[in-house]
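Here's the structure we're looking at; comments come further down.
Taken together, the values in this text are just the output of simple stated rules run on the coordinates, not laboratory data. Source: prediction; values computed, not measured.
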Amino acid sequence: MAIKDLLKRKKPRPSDEPAEDMAQDNFALEEGAEDQTNGLEDLEDMINGEAEKAAAREQRKEDAKIGVEYLEDAQEGQLAVDVFQTNKDIIIKSTIAGVKPEDLNVTINNDMLTIKGTRKQETEVDEDDFFLKECYWGSFSRSIILPCDVKQEKINAAIKDGVLTVKLPKLGKTSAKVIKIKGEE
């Protein structure tokens, strides 16, 4: 509740106990101050283009009231990718700076390619020492549905200058077969 809302509220009727009135007023002011602080955090997030974070924080506050707990470490980052084609190949590129090849896994299952990995932070930094924290550290993954069939045994993946390139040779052109439908006799 914002302070202006507190000022608009009608004063409660005086009770027989002045201490009770004072306690109610103090509670209302504390509640208003807490809401004002939360509002400032939300406004700051929106100014920084982080309205989604503000909404998520509000949802966590509401859920906390009913006992829902969140596992922050259980979330994976999502990898940004470019997917395009040449005459012979499907090419997938992704910037994965800071990831060693042994911390990366590329798999294919039918028509879906999955890239999973872990970006490890080399040094531990106390949260209070950050001025700005935009880099994602931890596990990430991305699954891509392929636009056509590929030769799975000829897939090639390489990292150069922090960019992962996965080259998937297209399977020869497939032609659609028309199937004649028989009627009931």
Original post:
Do you know the Lys pair count in the stretch 75-169 for C-alpha distances under 22 Å, with sequence separation 8 or more or different chains?
Top reply: 23
Original post:
In cubic angstrom, how much convex hull volume per residue do the alpha carbon atoms of the stretch 123-174 span?
Top reply: 141
